[in-house]
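Asks: My questions will all concern the structure given below.
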């Protein structure tokens, strides 16, 4: 059963089973032995039954989150020439700006403009190396907005701390050592940020799908979404119905990625989700952080306790988008499918 919100931080409203995402309070993890045990049980249940939840008590200051959305708004307000100077087409590492309609999900264009960054690292790829090694490399930054770089990199560092703490809690909730995942992210975790603007549907060109972003799963360990006050994010329930992830002040929307689904042999659930483009005359702004494994890592299969191992159905792999255990190969597959223009320019041999 859904536990008492006052005790565990998970929503108690009867509607939780039919349309409201659970709420998890991360501060309960450090509140004492009983609270920790209840937190781990609720985390495991929410992640198995829904795969999405609101995260509160995370310790990231509201001022920092507000600052990220504010600088994102300033970026998208730049003249088109400034944004296009750092278009993703210039980056073999799939970094920087993408115009609305240029990213593809499930074969259809997404109606959103966005700016992607990863960790600031050098590219070590050389001719003859695996293609996924080219994903590592420097970001592109707009010269007209110098404050964007420190704001996003500081937020990346803050969210990485929260994500690692939560990932260790997931390991413990699955009956593992808290550091069981550390070997596959310790050296160079995949730290990916998107700031995203969804224009109103009045700007959708004739014949376009109008999807903000199409239905999909995320490929990493964990995803964190910071939303403004405009809704649109929806989560697919087992029934096939869509649950609205209504914006909640002070909370991140967190979801499970394919790495945790693979590692738990399907015990944890990477859930399909989408974003509906805002109505005419409105726009939606969000920032997302994704924590994944180092590109050279291979996802381990955990030895679950007997009571958990008897329950999984196995990873739910889309035959048109198969899951790969090698992290770098799985990430590259997703990038090539989502950005065919970048793929053609920099990965034509594939």
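The values are calculated or read from the model by the stated rules, or taken from the named source; none is laboratory data. Computed from a predicted structure; not experimentally measured. Here the Cβ positions follow ideal geometry from the backbone for every residue, glycine too, while neighbour counts run over all protein chains shown.
Asks: Limited to the stretch 213-223, what total is found for residues that are crowded, with 23+ Cβ neighbours inside 10 Å and in a strand (DSSP E or B)?
Replies: Matching residues across the stretch 213-223 total 3.
Asks: For the stretch 252-286, name all the residues that are in a strand (DSSP E or B), in contact with a helix residue (DSSP H, G or I) (Cβ under 7 Å, 6 or more places away or on another chain) and buried (at least 24 other Cβ atoms within 10 Å of the Cβ). Walk me through how you get there before you give the answer.
Replies: Within the stretch 252-286, the subset in a strand (DSSP E or B) is 252-256, 273-276, 284-286.
After this cut, where a residue has to be in contact with a helix residue (DSSP H, G or I) (Cβ under 7 Å, 6 or more places away or on another chain) as well, the list is 256, 285.
Within the stretch 252-286, 256 is the sole residue that qualifies.
Asks: Pick from the stretch 112-135 the residues that are part of a loop (DSSP other than H, G, I, E, B) and under 28 Å from residue 275 (Cα atoms): which of them is nearest to the chain's Cα centre (by Cα)? Write out each step before concluding.
Replies: Narrowing the stretch 112-135 to residues part of a loop (DSSP other than H, G, I, E, B): 112, 118-130.
Next, only the ones that are under 28 Å from residue 275 (Cα atoms) stay: 112, 118-119.
Details: 112: 16, 118: 13, 119: 15 Å.
Restricting to residues being part of a loop (DSSP other than H, G, I, E, B) and under 28 Å from residue 275 (Cα atoms), the top hit is 118.
Asks: Can you tell me which residue is modelled with the highest pLDDT among those in the stretch 287-325 that are over 18 Å from the mean Cα position of the chain (by Cα) and in a strand (DSSP E or B)?
Replies: The qualifying residue modelled with the highest pLDDT is 298.
Asks: Which residue is nearest to residue 296 (Cα to Cα), if the candidates are limited to the stretch 330-348 and must be outside any helix (DSSP H, G or I) and touching a residue at least 24 places away in the same chain (Cβ under 8 Å)?
Replies: Narrowing the stretch 330-348 to residues outside any helix (DSSP H, G or I): 339, 347-348.
This time we only want the ones that are touching a residue at least 24 places away in the same chain (Cβ under 8 Å), so: 339, 347.
Details: 339: 22, 347: 19 Å.
For the stretch 330-348, the residue satisfying everything is 347.
Asks: A further question on this structure: Given the conditions (1) surrounded by fewer than 16 Cβ atoms within 10 Å (Cβ to Cβ); (2) closer than 28 Å to residue 301 by Cα, and given that residue 236 satisfies all but one, which numbered condition is not satisfied?
Replies: With respect to (1) surrounded by fewer than 16 Cβ atoms within 10 Å (Cβ to Cβ); (2) closer than 28 Å to residue 301 by Cα, residue 236 is out only on (1).
Asks: Condition test on residue 103, is it in contact (Cβ under 8 Å) with a residue 12 or more places away in the chain and buried (at least 18 other Cβ atoms within 10 Å of the Cβ)?
Replies: Answer is yes for this residue.
Asks: Just checking, how many residues over the stretch 13-48 are crowded, with 17+ Cβ neighbours inside 10 Å and either under 21 Å from residue 241 (Cβ atoms) or modelled with pLDDT under 50 (or both)?
Replies: Quick first cut of the stretch 13-48, residues crowded, with 17+ Cβ neighbours inside 10 Å only: 16, 20-26, 28-29, 35, 38-40, 42-48.
From what's left, either under 21 Å from residue 241 (Cβ atoms) or modelled with pLDDT under 50 (or both): 16, 20-23, 45-48.
Selection size over the stretch 13-48: 9.
Asks: When you go through 159, 167 one by one, which is the residue that is in contact with a strand residue (DSSP E or B) (Cβ under 6 Å, 6 or more places away or on another chain) and in contact (Cβ under 8 Å) with a residue 60 or more places away in the chain?
Replies: 159
Asks: Now a separate question. What number goes with the only condition from (1) within 27 Å of residue 229 (Cα to Cα); (2) more than 20 Å from the chain's Cα centre (by Cα) that residue 84 does not pass?
Replies: Of everything listed in (1) within 27 Å of residue 229 (Cα to Cα); (2) more than 20 Å from the chain's Cα centre (by Cα), residue 84 misses just condition (1).
Asks: Quick one: in the stretch 191-212, of everything that is modelled with pLDDT under 95 and outside any loop (DSSP other than H, G, I, E, B), which residue is farthest from residue 114 (Cα to Cα)? Before you say what the answer is, go through the steps one by one.
Replies: The first filter runs over the stretch 191-212 and keeps only residues modelled with pLDDT under 95, leaving 199-212.
Then drop every residue that is not outside any loop (DSSP other than H, G, I, E, B), which leaves 201-203, 211-212.
Values: 201: 16, 202: 18, 203: 16, 211: 14, 212: 11 Å.
Within the stretch 191-212, the match that is farthest from residue 114 (Cα to Cα) is 202.
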